[in-house]
Amino acid sequence: MTTMLTTLIDANTLAARLEDDALRVIDCRFQLTDPAAGRAAYLRGHIPGAVYADLERDLSAPVTEHTGRHPLPSRHDLEATLGMLGVSNNHQVVAYDDAGGAYAARLWWLLRWMGHGAVAVLNGGLQAWLAGGRNVEPGEVTPPRVRFMPGAPLGACVEAVDLLEGRVGRLLDARGPERFSGAEEPIDPVAGHVPGAVNHPFMRNLDTAGRFLPRDVLRERLQASLGGVAPAQTAAMCGSGVTACHLLLALEVAGLDGAALYPGSWSEWIRDPSRPVATAGDDLPVSAEA
C-alpha cells in the first residue's frame, strides 16, 4: 500500500510516483503583480500530467467590500472546482509552484479544510524538479471530471471577532518585516499589523534553495515565535490568507499541529476602520482611518 503524504514530497519521490493513476499533480504558480503570469508559465512548461489551479479563479471567492483580497471559496464551490481539477477522495494530491510553496500551500490548506489529508507540497517547487534534469511538458492537461465528497475539516478558521475578543492566544503574521512594521505597504491601502501579532515571515521557513528547513530547525524557530503558546491556541495570517497557509504547513512539518487560519488576514482586517492597527513594532493602536 502506497504511503499517504500529508505535508511535503521531494522531487525524487514524485518522479517515482508520476505514473500512478492515484496521483494528481496541480500547478499553483501565480504572481500577485501579474495574475495571468502563472497560467502562461504553466502553458509553456509544467510537470508532466499536471493540471493548473489559479489562485484567484479556482482557490478564492470573488472579492467583496467586506472581504480581503483572496476570500475563501465556499465549500460547495470548492467541491465543484476539485472535481473539475480531477481530484477525488481517492487521489494523492501534490501541489507545486515556483515560489517556495507560497501558493501551493494554499491548495494544501484548502484540501485539508475539505477533509482531504492526502495532499503534499513539492519541496523546493518546480526548481527542485528541474534541478534533477527532469523534463516539463507544454500545453494544457484536461483531466476527467470526478466527484469530490467533502469531509470534516482538518483545519480550523478564526475570524476578526475572535481576534478582537481575545479568543486567539498567539497570532503569527507571515508577511515580510517591512510590511508588518508598516515601513512599507506595496499592496494594501493601510500599513501595519494587528496589535499583539508576532511577525514570522514565511521565508524564514525555507533555505536558500527554497526548500523547507529541517524539522528540528523549523521547530526551534516556530517555537520561538509561539512564545510558549500552544499551537491549538494560535492562528496564522498574512496579507490575504495565502502565505499564512505556508506558515501552517511549516507548523505541521515541525510537529506543531493544530493552529488555525485567519482567512481574511490584513486586507480584510483594515476594511473596518474601527479595528486597531499597530505600526513600527510598538503595538500602539492607531485608527485604520489614519
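The values are calculated or read from the model by the stated rules, or taken from the named source; none is laboratory data. All values derive from a computational prediction rather than experimental measurement. All Cβ positions, even for glycine, are placed from backbone atoms using ideal geometry, and neighbour counts span all protein chains on display.
Miscellaneous remarks
- Scanning segment 49-94 for residues being of a type in the set (Lys, Arg) and either surrounded by fewer than 19 Cβ atoms within 10 Å (Cβ to Cβ) or farther than 21 Å from Leu249 by Cβ (or both) gives a total of 2.
- Residues in segment 174-206 that are of a type in the set (Asp, Glu), in contact (Cβ under 8 Å) with a residue 40 or more places away in the chain and assigned to a helix (DSSP H, G or I): none.
- Residue in segment 195-253 that is surrounded by the fewest Cβ atoms within 10 Å (Cβ to Cβ), counting only those that are in contact with a strand residue (DSSP E or B) (Cβ under 6 Å, 6 or more places away or on another chain) and hydroxyl-bearing (Ser, Thr, Tyr): Ser225
- Residues located in segment 207-260, provided they are over 16 Å from Trp109 (Cβ atoms) and not in a helix (DSSP H, G or I): Asp207, Thr208, Ala209, Gly210, Arg211, Leu213, Pro214, Gly227, Gly228, Val229, Ala230, Gly255
- Of the residues making up segment 58-67, none is at pLDDT 95 or above and not in a loop (DSSP other than H, G, I, E, B).
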